[in-house]
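Working notes for the structure below.
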Amino acid sequence: MLSADEAPPMSSIPPPPPVVTARHNPVFVREMRQSARLLRTPFILMTVTAMTAFLLSAVGGIMMTSKVSPAEVGRALHHTFFSIAYFVVSLAGPTVSANSIAQEREGRTWEALLLTGLSPGVIARGKFTSAYTSVAMFIVSLAPVGALPFLFGGVTVVEVVLAFACLFLGAGLWVAFGLAVSSKMENLRAAIVVTLIVAVVTSPAIYGVGVSLSWAAHKQWPAVPEGWPVWLPSALERAPFGWEYLGYLVLGPLVASALPAWFFYEVTLANLTSVTDDRSTGIRRWFIVSAAVLAVGGAAVVVGAGGAGAGAAAAMAATYSWLLVLGTFTFAGEPIGPSRRVLARWEREGAGALDRALGPGVMRATTTSLAAGLGGLSLITAAGLAGAGLWGGPSKALDSLALLIVATYTAGFFVFLAGVTAWLRARTNSVMTPRILLLVTLGLALVGPWVVAAIGGAMAGSLGHAPVVAAPSPIYALVVAAELGGRTATPDLGPILAASIAAAAWALLGLTALVAAARRSGAIIAAYDAALARGDELLAAEDARAAEGARAAEGAQAAEG
Amino acid sequence: MSARPAIRVRHLWHRFGGMDVVRDVTFDVGEGEIFGFIGPNGAGKTTTIRVMSTLLEPMAGRVEVDGHDVTLEPEAVRKIIGYMPDHAGVYDRITVREYLEFFSEAYGVPPDVVDVVLELTDLKKLEERLVATMSKGMKQRLGLARILLHDPKILILDEPASDLDPRARIEIRDLLLELRSLGKTIFLSSHILTELADVCTSVAILEKGRLVVAGPISEIAERMRARGPVSQRRPASAAGADAAPPVITAAGVPLPDQAVHRVKVRVIGDAHGVLRLVIGGPGVQGAQVTSPSQLTVSYQGDERFVADMVRHLVAQGVPIVAVEPERTELERIFLEATRGDLQ
């Protein structure tokens with residue numbers, strides 16, 4: 001048992017951590033209190049609602065003058081309303097959330113908040129729920145206007161309820177996006193401007209993709225009307241339940257919302273965490289899970305495509321490469337290695353090999369992203385090859401070859417991007433420089449060879465005769481694959497060889513860069529460790545001298561006594 | 001038993017870009033002290049404070065707060081410090097009570113602590129007031145209330161009285177003295193010496209990222225006096241065992257030479273007559289009438305000179321009202337210790 005002298009002082013006994021539940025998140029409560037005192041909110045809500053009602057009445061009035069059935073008018077009003085609501089949410093959501101963290105930094109309240117001991121997760125969730133509540137108020141205030149189509153028919157209650165559910169889901173994504181931008185910004189105006197610019201560009205693009213998907217939905221389920229923007233609620237109500245329903249109408253949209261939302265959340269957490277803490281594990285975990293989910297989902301789609309599996313797999317591999325590129329850009333911001341603080345925490349918590357592998361460090365990030373990315377790509381390719389082998393028609397040999405070209409090219413180019421990113425990061429102090437150089441490299445690799453080919457006048461033929469000089473562009477692999485797919489005749493070996501050599505060359509370059517990056521970052525970490533060790537030695541020597549001096553003084557005192 | 005320092009900064013370095021903003025800074029802050037951290041703008045005070053508050057990690061060296069390394073145990077350090085940054089902001093559209101309730105919840109302390117802190121900081125009467133409508137001084141007081149909520153052992157205040165009017169400054173000073181009486185260690189940064197002179201027990205002076213001098217004010221002053229002017233000082237190699245010890249071995253920066261001291265003497269009647277009695281006396285370097293009833297006497301030496309001079313004047317029948325140093329001890333130390341170059 002400890003004596004009174006040996007007992008630790010009260011202050012060294014850590015108090016229990018604050019209990020922060022979703023209901024009692026102090027950040028959320030405080031934000032809502034502040035919002036409640038903002039006088040302009042009711043006026044903004046009233047204006048948006050009045051304008052939407054006016055617009056909807058105008059559309060309804062114009063349609064009633066022509067010879068269309070009331071049901072058609074009702075359906076048009078339904079789609080108009082939810083399109084307006086979508087744009088309100090996609091612009092208001094990021095703007096409202098962009099306010100939150102940047103305002104703390106600009107108002108110099110951020111440090112006080114951080115030092116309370118609230119975790120970045122609690123702060124982020126409090127900020128998200130408060131911003132989401134504000135955006136949800138927009139949706140709720142618009143809801144009565146959304147009921148106007150019921151006066152005409154053409155839409156069911158279930159469709160309207162499902163459309164509102166989709167709107168709430170989408171609002172969450174837009175708010176999460178705004179929060180991620182806000183978490184990076186020091187300046188409130190900059191945060192709002194950046195989020196608005198991105199939202200203004202992205203929002204119509206996503207809307208357009210949504211509309212174009214309605215044709216695919218109509219092809220799969222003819223009961224779903226084609227060309228209408230708000231087709232998912234209709235499909236959910238009208239399509240017959242089955243595997244396709246579950247996969248394309250439930251799991252697909254959920255995954256398409258959940259993965260970006262998780263990414264935005266992890267980016268927000270990383271930006272709210274000190275640079276010397278672990279900002280890497282969350283994002284790395286997201287990348288690995290996303291790669292696995294997309295690979296498994298892609299493989300399922302490929303298997304479901306049956307005889308067209310190889311073509312579907314090639315398309316999936318090309319789509320999957322977007323995730324790999326996003327991961328590469330994200331990991332360009334990795335530190336060279338774990339900080340002293342992170343290393344100490346690992347020691348304290350007895351972190352295992354997996355925890356350390358997911359921790360900070362440019363080589364750790366590159367290795368795990370290569371493993372996860374290439375693993376996922378292999379799964380999709382294997383599913384495509386198996387599908388072509390089992391159910392393929394007469395063109396299955398060339399379909400498989402096309403798939404292999406796309407997959408190997410994607411893999412080779414991904415190795416190059418990952419290797420070069422790691423090398424650039426190991427050579428520079430800034431995290432922006434590698435990203436900018438990577439963007440330039442990517443642009444040059446994609447477009448450059450085609451520009452050279454065009455200048456050389458080699459583009460005279462059809463795309464099927466893609467010039468070998470364009471082989472260094474990853475687009476070349478898609479062109480060659482498109483030319484091979486569905487054919488049975490003996491192919492021209494030239495483009496296939498060119499694509500294979502280019503893929504191998506990219507991979508070799510990437511591996512070389514990777515080795516150089518490993519050496520460079522290893523040397524930096526060794527120098528850092530040596531400096532820390534020297535510092536520790538110096539302090540230990542000082543401590544020893546001080547202790548010796550104290551002993552000598554005590555001895556002298558005792559002798560005098 | 002030797003008491004562990006509340007704050008221990010050892011060989012601290014920090015760099016922004018290619019510039020070393022803090023260079024090999026070493027000092028200790030004892031428990032229960034009010035420690036003044038002095039230096040011109042840009043001297044590296046805020047960087048040092050941010051490292052102590054776990055907001056920055058030292059690039060080299062070690063900083064311990066109550067025995068916890070700020071690099072390795074930031075969470076433990078955050079629990080025992082209350083940090084108020086310079087020009088700290090507050091949330092405007094909530095009341096004083098709501099503001100403190102938010103932070104009490106964030107710190108995980110019981111809500112009744114808010115009432116205690118409101119009483120302690122004399123904000124009880126303003127508890128329902130919106131923060132936006134408060135004066136700067138009251139907002140600063142609210143900031144102090146915030147950092148007291150979790151009852152930290154150590155308060156770190158960066159320029160707490162900057163931008164405040166004289167009344168608010170006096171109120172903040174009184175509050176600091178009250179907090180010290182409650183056993184808090186207070187680390188106070190400022191470039192306004194009068195703000196620190198009345199409350200600090202120890203100081204550290206920083207210039208161009210380097211520590212110039214550190215220790216208890218009386219000890220530094222005594223050591224400075226003991227060193228004497230350059231003309232009277234023996235070379236260091238010949239100083240011998242009785243030589244005054246250096247004030248601090250701060251990265252090779254030698255202490256400047258002792259300056260001439262000045263004392264203000266206020267009398268009833270004509271100061272010109274007193275001037276004649278003082279001029280030419282032993283140790284007197286000069287004297288000057290600054291107002292009809294006041295003169296300033298320059299001298300070299302210690303406080304015995306002042307005692308001798310007063311005794312002499314009283315013996316001559318001079319009605320002395322007050323004798324006080326022209327500068328406070330702290331101002332004198334600062335002027336003598338720093339070079340005054342642009343930072």
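Kirkwood hydrodynamic radius computed over the range A:271-330 comes to 13.1 Å, based on all pairs of distinct alpha carbons.
Only helical runs count toward this figure. For chain B, summing -39,500 (n - 2.57) over DSSP H runs of n ≥ 4 and dividing by all residues gives -9500 deg cm²/dmol at 222 nm.
For chain A, the solvent-accessible area of protein heavy atoms averages 48 Å² per residue (probe radius 1.4 Å; ligands and nucleic acids excluded). Counting Cβ atoms of other protein chains within 10 Å of each residue's Cβ and taking the mean over peptide A:25-37 gives 4. Taking all Cα pairs closer than 8 Å and separated by 6 or more residues, the relative contact order of the range B:7-220 comes to 30 percent. When the Kirkwood radius is taken over all Cα pairs of the protein assembly as shown, what Stokes-Einstein diffusion coefficient follows at 20 °C and 1.002 mPa s, in µm²/s? It comes out at roughly 64 µm²/s.
Ligands, DNA and RNA excluded, the heavy atoms of A:HIS24 present near 100 Å² of accessible surface to a 1.4 Å solvent probe. Expressed as a fraction of 2.2 N^0.38 Å, the value expected for a compact globular protein of N residues, the C-alpha radius of gyration of the range B:7-220 is 1.00. B:LYS125 contributes about 150 Å² of solvent-accessible surface, heavy atoms of the protein only, 1.4 Å probe.
How much area per residue is accessible in the range B:261-330 when the probe is 1.4 Å and only protein heavy atoms are counted (Å²)? Could the numbers behind the result be given before it?
Numbers: 3980 Å² over 70 residues.
With the other protein chains kept in place, the range B:261-330 gives 57 Å² per residue.
The value of relative contact order for the range A:20-273, using C-alpha pairs under 8 Å at least six residues apart, is 26 percent.
Estimated from helical segments only, the mean residue ellipticity of chain A at 222 nm is -26500 deg cm²/dmol, where each DSSP H run of four or more residues counts as -39500 (n - 2.57).
Set the bar at 30 Å for Cα to Cα. Now go through A:LYS127/A:LYS219; B:LYS45/B:LYS139; B:LYS136/B:LYS184; B:LYS79/B:LYS124; B:LYS45/B:LYS136; A:LYS184/B:LYS153 and name every pair that lies beyond it. Beyond 30 Å: A:LYS127/A:LYS219; A:LYS184/B:LYS153.
Buried between B and A is an accessible area of approximately 3700 Å², summed over both sides with a 1.4 Å probe.
Across peptide B:92-105, what mean number of C-beta atoms from other chains lies inside 10 Å of a residue's C-beta? It would help to have the intermediate numbers written out before the result.
Working: counts 4, 8, 6, 2, 0, 0, 4, 2, 0, 4, 9, 6, 3, 11.
That average works out to 4.
Counting only aspartates and glutamates at least 8 places from A:LYS396 when in the same chain, those with an alpha carbon closer than 16 Å to its own are A:GLU483. Taking Rh as the Kirkwood radius computed over C-alpha pairs, what is the Stokes-Einstein D of the range A:243-376 at 37 °C in a medium of viscosity 0.692 mPa s, expressed in µm² per second? It comes out at roughly 203 µm²/s. Expressed in Å, the radius of gyration and Dmax of the Cα atoms of the range A:368-443 are 16.8, 55. For the range A:163-240, the set of GluC sites (Glu not before Pro) satisfying both a DSSP loop assignment and a count of at most 12 other C-beta atoms within 10 Å is given as A:GLU186.
For chain A, return all DSSP H helices satisfying: extent of Cα atoms along own axis at least 18 Å; mean Kyte-Doolittle hydropathy at least 1.6. Could you put the intermediate results ahead of the total?
Values: long enough: A:40-65 (38 Å, 1.39); A:70-106 (53 Å, 0.26); A:120-146 (38 Å, 0.98); A:157-184 (41 Å, 1.89); A:188-220 (46 Å, 1.26); A:252-272 (30 Å, 1.05); A:281-304 (34 Å, 1.53); A:309-331 (32 Å, 1.28); A:362-391 (43 Å, 1.13); A:396-427 (46 Å, 1.21); A:432-455 (32 Å, 1.88); A:493-560 (99 Å, 0.65).
Sorted by number, the helices that extend far enough and score high enough are A:157-184, A:432-455.
Charge dipole (Cα centre; +1 on Lys/Arg Cβ, -1 on Asp/Glu Cβ; no other charges) of the range B:261-330 amounts to roughly 140 debye. Helix B:217-227 versus the longest principal axis of chain B: what is the Cα-based angle in degrees, 0 to 90, to the nearest 10? It works out to around 30 degrees.
When A:THR512, A:THR268 are compared by accessible area of protein heavy atoms, the largest-first order is A:THR512, A:THR268, using a 1.4 Å probe.
Taking max minus min of the alpha-carbon positions on each principal axis, the range A:130-219 gives extents of 50, 32, 16 Å, largest first. Between the chain alone and the structure with every protein chain in place, find the residues of the range B:47-64 that drop at least 50 Å² of accessible area; heavy atoms, 1.4 Å probe. Buried by the other chains: B:LEU55, B:GLU57, B:ARG62. Note on chain B: GNM, Cα springs under 10 Å; of B:VAL25, B:VAL323, B:VAL314, the largest mean-square fluctuation is that of B:VAL314. The spread of Cα positions in the range B:261-330, taken along each principal axis and listed from longest to shortest, comes to 30, 21, 18 Å.
Largest first, how would A:CYS166, B:CYS200 line up by accessible area (1.4 Å probe)?
Details: A:CYS166 50, B:CYS200 15 Å².
So, going from the largest accessible area down, we get A:CYS166, B:CYS200.
The values are calculated or read from the model by the stated rules, or taken from the named source; none is laboratory data. As the structure is a prediction and not an experimental result, all values here were calculated from the model. Here the Cβ is made from the backbone with ideal geometry for all residues, glycine too, and neighbour counts use every protein chain on show. The protein model used for the area step is the full one, side chains on, heavy atoms only, and it has no ligands, DNA or RNA in it. Shrake-Rupley method; radii C 1.70, N 1.55, O 1.52, S 1.80 Å.
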